[in-house]
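Written below as C-alpha cells is the structure these notes are about.
What follows is calculated from the coordinates using simple rules that are stated; it is not laboratory data. The shown structure was predicted, so the numbers you read here are calculated from the model rather than taken from an experiment. So basically every Cβ, Gly included, is an ideal-geometry build from the backbone, and we count neighbours across all protein chains shown.
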C-alpha cells in the first residue's frame, strides 16, 4: 500500500516547523533540568553590563545581561530590575516563586525579599541570562 500526499509542497514547511518546535522543547527541557536542581553549580558571568544601577538595590538589564548579576541585600529590601535593552526581558525565579510580566525598554519590576536565602533567577525570554539575589538577615 502506498501513501500519496495530495499537496507535497505543504509538507516541507510543516516538517521544518515541527523540527524547530522539537528543538525548542528540547532546549527548554535541558535548561529546566539543570537550572532548578543544580543551583549551586550555576556559573555567573564575571562581567556586568555597562549600565550601572542607580542604587545598591537595583539591577540593570542591558546587553542581554543582569548587572550586577549578583546582589546582596538585607531581608525586607525591595530590589528593582530595569530593562535598558531594546528587547523585552523578564525576571523568573528558578524555584518559580514569582515572575515578572514582560518588560519593554524602560519598564521596571520590583520585588521585596522578606526571607533570608539565595534567590536564583533568569530571563524568561533569554534563559542564558542568569542572576542571583542573596538575602541576609536584617541584623547580619
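Tell me, in nm to one decimal, what length is gained between residue 101 and residue 64 on full extension, where the rule is 0.36 nm per residue of separation less the Cα-Cα distance? Mind showing how you got there, number by number?
Working: separation 37, 0.36 × 37 = 13.32 nm, distance 1.70 nm.
Gain on stretching residue 101 to residue 64: 11.6 nm.
By count of other Cβ within 10 Å, fewest leading, how are 66, 98 ordered? Display every interim value, and only then the final one.
Working: 66 27, 98 12.
Sorted ascending by nearby Cβ count, the order is 98, 66.
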Review point. Which distance in nm do the two modelled labels at residue 126 and residue 87 give, with both placed 7 Å along the Cα-to-Cβ direction?
Key: 0.4 nm
